[in-house]
Amino acid sequence: MITIREETPQDAPLVRKVNELAFEQPQEAVLVDRLRESCDDLLSLVAVDGEEVVGHILFSPVTVPDPEGGEIRGMGLAPMAVVPGRQGQGVGSALVERGLALLRERGCPYVIVLGHATYYPRFGFVPAIQHGLTCPWDGIPDDVFMAQVFDVERMRGVSRVARYRDEFDEAT
């Protein structure tokens, strides 16, 4: 039985291991560590089976310029990782669904993701360009840079580049 809960400080090394195993490289794990150190406003969830952390998802702040000045702050989903032996069993889906539900409840106006064009639409993501949001990195196809807008009124008239935290630029 999988339980989805917010990450605790004791989970940090386990989350690192999940990301390293899932991505077969340390880059995403390093990104999570850097974001955890520099950003107080993360939503970090773990999927736990018994005492074992088998999955992780991170949402971090992103911004787009507000048409009336200022910025509209939302969240970016990245990374999402499930240990190889548990992939394809609904762990990732449970993490995404719980994270989106929490963000919606907390009044987040939108969530963006750079991910698989055939995976994320099942959760309500559409190409971000449909909401006037564009990717900050060159060469990214529209179908893999996606958004889910919870507050349509707040996002009305937005036609701008979505800006991730600087840690993402350092990771690319």
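Take every DSSP beta bridge whose two residues both sit in the range 1-151; close to 90 percent of them are antiparallel. Using Cα atoms only, what is the angle between the long axis of helix 91-105 and the major principal axis of the chain, expressed in degrees (0 to 90) to the nearest 10? Helix 91-105 sits roughly 50 degrees off the main axis of the chain. The magnitude of the dipole of the chain, with charges of +1 and -1 set on the Cβ of Lys/Arg and Asp/Glu and taken from the Cα centre, is near 420 debye.
One Cα centroid belongs to the range 128-172, the other to the range 1-73; the line between them spans 19 Å. You can think of it this way: the chain between Q25 and R106 has 25.9 nm of extra reach, that is 0.36 nm per residue less the Cα-Cα gap. The packing ranking of peptides 138-148, 94-104, highest mean first, is 94-104, 138-148, where packing means the average number of other beta carbon atoms within 10 angstrom of each residue.
Sum up the charges of everything whose Cβ sits under 12 Å from the Cβ of I72, counting Lys and Arg as +1 and Asp and Glu as -1, but leave I72 out. Spell out each step's value before the answer.
On the way: positive: R73, R154, R156, R160, R163; negative: D66, E68, E71, D151, E153.
Summing Lys and Arg as +1 and Asp and Glu as -1 gives 0.
Would you kindly state how much longer the chain becomes between R34 and R73 on full extension, computed as 0.36 nm times their sequence separation minus their alpha carbon distance, in nm to one decimal? Don't skip to the answer; put the middle values down first.
Details: separation 39, 0.36 × 39 = 14.04 nm, distance 2.00 nm.
Full extension of this stretch gives 12.0 nm more.
Note on the chain: GNM, Cα springs under 10 Å; of T134, T63, T118, the largest mean-square fluctuation is that of T118.
Between A12 and V126, the modelled labels are 4.1 nm apart [label points 7 Å from Cα along Cα→Cβ]. Once the Cα atoms are used to define both axes, helix 12-23 deviates from the longest principal axis of the chain by about 80 degrees.
Where a number appears in this text, it was derived from the coordinates with a stated rule and is not lab data. Note that this is a predicted model, so its numbers are computed, not measured. Glycine gets a Cβ as well: all are built from the backbone with ideal geometry, and neighbour counts include every protein chain shown.
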